[in-house]
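Notes follow the structure.
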Amino acid sequence: MNKPNLAVNIGGVDMQNPVTTASGTFGFGPEYSRYIDINELGAVVVKGTTLHPREGNATPRIVETPSGILNSIGLQNPGVDYVIEHYVPYFKTLRVPVIVNISGDTVEDYAKVAEKLDAAGGIAGLEVNISCPNVKKGGMAFGSDPAMAAEVTAAVKSAAKLPVVVKLSPNVTDITAVAEAVAEAGADGLSLINTLLGMAIDINSRRPILGSVMGGLSGPAVKPVAVRAVWQVYKAVQLPIIGMGGISTAEDALEFILAGASAVAVGTANFVNPRATMDIIAGIERYLIDNGVKDVNELVGAAHGN
Ligand code: SIN
């Protein structure tokens, strides 16, 4: 069999294969370039960027859990102007699309960051983070209210011409209500899921371990929740989905694709195996060849049986 087609399109972002990185697990890209050839990825999604630099939350900010980690980073980042000055020149050297994850305390913050990145060039799309569980303002507070989620989406859409992918929170009763609201507001794609709100307690000190008490759970433990969310959102809206949540192997990635994801993002697995993305791309291709599938797009949502 000839090489199968691995190329996918997420709301206007052309990817040579369906595998990208989950924001916050891959720095701004160069951090991983001694482990993998970044140009072999489908796309790179970089760390969340805000209008002003942020130092992040009090430490400790990471706790290992069975089959996962809790993080409460708090969107530590150098701010959009620094990203434009120091990282956009690097983005421009890449042959794969770079998607910048953006966050804000207010709707206006999101719009200003989007406008600056749009003007900078070298960026293929924006991932609007309305789902960070580790900040007091913005983040999950926006993503758990369909009306606020729509307002942020519309503001970013009018501030930037770039494709806009909105990152959804699993910490809601009905993820499809938020998906429908942001689709209506003009989103070009969706990414899901962000982390699940959790916490851990040190039984010796009898205190919460994380400096900010609660954090977001990621890793293999969350995969069934994420697959379920992709399944529901695929049925509810007609937007391309980047699926994520505990993807460590090609088999995991294929589950998300069959549930309805057109692309997948690898997150926590990067910390365990910095070459996980490469192994997953190769494994997806192997599966297509072994099963006589000519185009990965044929598998998107195939588990729904239509
Ligand atoms: C963080 O920086 O706290 C994590 C980002 C996120 O969960 O969206």
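For the reader, a short list of remarks on this structure follows.
- Flag if residue 108 is free of Cβ contacts under 8 Å to residues at least 40 places away in the same chain, farther than 30 Å from residue 248 by Cβ and outside any loop (DSSP other than H, G, I, E, B): no
- Total residues in the range 185-215 satisfying the condition of being open to solvent by 30 Å² or more (accessible area, probe 1.4 Å) and closer than 11 Å to residue 68 by Cβ: the figure is 1.
- Options 141, 149, 155; residue that is assigned to a helix (DSSP H, G or I) and open to solvent by less than 10 Å² (accessible area, probe 1.4 Å): 149
- Single residue of the range 251-306 satisfying the filter (charged (D, E, K, R) and in contact (Cβ under 8 Å) with a residue 60 or more places away in the chain) that is nearest to residue 25 (Cα to Cα): 275
- Scanning the range 161-179 for residues that are in contact with a strand residue (DSSP E or B) (Cβ under 6 Å, 6 or more places away or on another chain), part of a loop (DSSP other than H, G, I, E, B) and open to solvent by less than 30 Å² (accessible area, probe 1.4 Å) yields 162, 163, 168, 170.
- Taken as a whole, the structure places residue 19 among residues that are open to solvent by less than 40 Å² (accessible area, probe 1.4 Å) and farther than 24 Å from residue 209 by Cα.
- Here residue 138 meets the list (1) modelled with pLDDT of 95 or more; (2) within 14 Å of the ligand (Cβ to nearest atom) almost entirely, failing just condition (1).
- Just one of the listed residues (280, 289) is modelled with pLDDT of 95 or more and under 22 Å from residue 14 (Cβ atoms), and it is 280.
- Among the helices (runs of 4 or more DSSP H) confined to the range 216-306, the ones with at least 1 residues that are open to solvent by 30 Å² or more (accessible area, probe 1.4 Å) and within 22 Å of residue 101 (Cβ to Cβ) are located at 223-236, 269-272.
- Just one of the listed residues (31, 55, 40, 85) is touching a residue at least 40 places away in the same chain (Cβ under 8 Å) and not polar (S, T, N, Q), and it is 40.
- Filtering the range 143-174 to residues that are farther than 25 Å from residue 97 by Cβ, in contact with a Ser or Thr (Cβ under 9 Å, 6 or more places away or on another chain) and of a type in the set (A, V, I, L, M, F, W, C) leaves only 172.
- When 79, 29, 68 are checked against the criterion of being open to solvent by less than 30 Å² (accessible area, probe 1.4 Å), among the small types (Gly, Ala, Ser) and within 16 Å of the chain's Cα centre (by Cα), 29 stands alone in meeting it.
- If the condition is being away from the ligand (no atom under 14 Å from the Cβ) and part of a loop (DSSP other than H, G, I, E, B), then the range 115-133 contributes 121, 122, 123, 124.
- Within the range 141-152, the set of residues being more than 16 Å from the ligand (Cβ to nearest atom) and within 17 Å of residue 193 (Cα to Cα) comprises 145, 146.
- If you filter the range 181-207 down to residues that are within 16 Å of the ligand (Cβ to nearest atom) and part of a loop (DSSP other than H, G, I, E, B), you find that the one that is farthest from residue 61 (Cα to Cα) is 193.
The values are calculated or read from the model by the stated rules, or taken from the named source; none is laboratory data. Computed from a predicted structure; not experimentally measured. Note that we place each Cβ from the backbone using ideal geometry, even for glycine, and neighbour counts take in every protein chain shown. Each accessible area value is taken on the protein alone, full model and side chains, heavy atoms only, with ligands, DNA and RNA left out. Shrake-Rupley method; radii C 1.70, N 1.55, O 1.52, S 1.80 Å.
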